[in-house]
Structures are given as C-alpha cells and as structure tokens.
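Only one structure is covered here, and it is reproduced in the block below.
The values are calculated or read from the model by the stated rules, or taken from the named source; none is laboratory data. Bear in mind that the values here come from a model prediction, so they are computed numbers and not experimental data. With ideal geometry, Cβ positions are generated from the backbone for all residues, glycine too; neighbour counts draw on all protein chains shown. We work out accessible area using only protein heavy atoms, side chains counted, and drop any ligands, DNA or RNA first. Shrake-Rupley method; radii C 1.70, N 1.55, O 1.52, S 1.80 Å.
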Amino acid sequence: MSGVEANTNHVRMNWNMFSYNPDLLGGREKAAFGQVLECKDGHVFFAPYGLDHWWMSLRRMMGDPEWARDEVYLTGPGRTAHVDDIEPHVRAWALNHTRDELYWMSIENKVPCFPVYSASEMRASPQLEARGFFIEVEHPEVGGFVQPGAPVQQTGSRWAIDRPAPRLGEHTDEVLSELGYSRDAIVAMFRDGAIQG
C-alpha cells in the first residue's frame, strides 16, 4: 500500500488530505470537474476547464464538436454549472486516446495534463531517471533501499539526505532535554495523571 500512497502524494494533494481527514468531505453531489480522466491505456490528470483559453484549446483538440460550442460554456462558471453535460463528452473523447497522446496534445495546446503512472512505471520513468530523482539510501534497521529524492532541482544548492530516518525513540531523550524534561519526569506525569494519554 505504501507505493500507492507515495504515488497519490505526487499526483494530487487533496487525495492525501481527504484520506487522512475524511471529515473535510461534504455531500456527494458533484461540484466540480473530475481531474483524473480514463483513456485507452490508463489515466491522465487533466484540467482544461478552469481558464477560458484552456477550454478553447480543448475544443480545438477535440475537433471543435458542435456540443462544445454552446455559449454557456464560454466562461468558467458556465462550464462548472454544466459539468454533468460536459464531462461525458470529454470522457468519451479521451477513451480514443492513449496517455501519451493526451499528454502531448495537451502540451502542444498549453493545457494542464500529465499521465498517471503506477509505482513501477514511475520507477522506470526515463525523465525521473535522467534527473536522478530516485536515490539509494542506507538505514541501520532495514538496510539499503531506493526512495524518491529531491522534488525539484535548484541552482546553487543541492538537496541531499545526510542521515537516515530516525529509529523509534532514537532522539527522545534529546528532544525532552531541549524541552526541559527527562524521560523519567514524563513517565511520572503519566503515572500521576498530569498527562492524559
């Protein structure tokens, strides 16, 4: 499951947020366009509805179909109010294309889109490989493994892992000392009911 969760964190922050905070979810009525679109060989993140010039680019990409020429669709609020009318057409159109086709069409037309990859596809990505995104690390308890590295490349500084993730309790005494406590004092506070846990 951790591979799925890692991919989710890279794809859409709100998936991650809502999975840990289900109280944030309201009713089940649809209030906006879905941003993950099924296509011939998987899915893409696709967001051509928010800005008017993206919508016009999508119309061109789809061959300017008659249904898309409705004047009510010319503004963002108009499109959002008619999400249930627009989405079935776009979904049907997308099923005729692969992830790469949709991605490159979108790039050419300046529409936000990127393929949704599985964990193994991300690991095999030539682009991520070329930028050295995945790094090998050593951990004293689990040994060597590969994990995502720097999310961005910056000029003038190099992101690096200079130590492994801490082991459970490894820095407890140090942190408690900085706060003016000792492990024994915390245990005593729990025992005496001063701290509820």
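Before moving on, here are some points about what is shown:
- Summing charges over neighbours of GLU101, with a neighbour being any other residue whose Cβ is under 14 Å away from its Cβ, gives -2 when K and R count +1 and D and E count -1.
- Residue-normalised accessible area of the stretch 25-139, given per residue in Å² at a 1.4 Å probe: 58
- As a ratio to 2.2 N^0.38 Å, the alpha-carbon radius of gyration for the stretch 25-113 is 1.04.
- Cα centroid separation - the stretch 124-156 against the stretch 64-94, whole Å: 41
- Ordering 138-144, 99-105 by mean Cβ neighbour count within 10 Å, with the highest value first, yields 99-105, 138-144.
- With all protein chains in place and a 1.4 Å probe, the accessible surface of the stretch 70-189 carries 55 percent carbon and sulfur.
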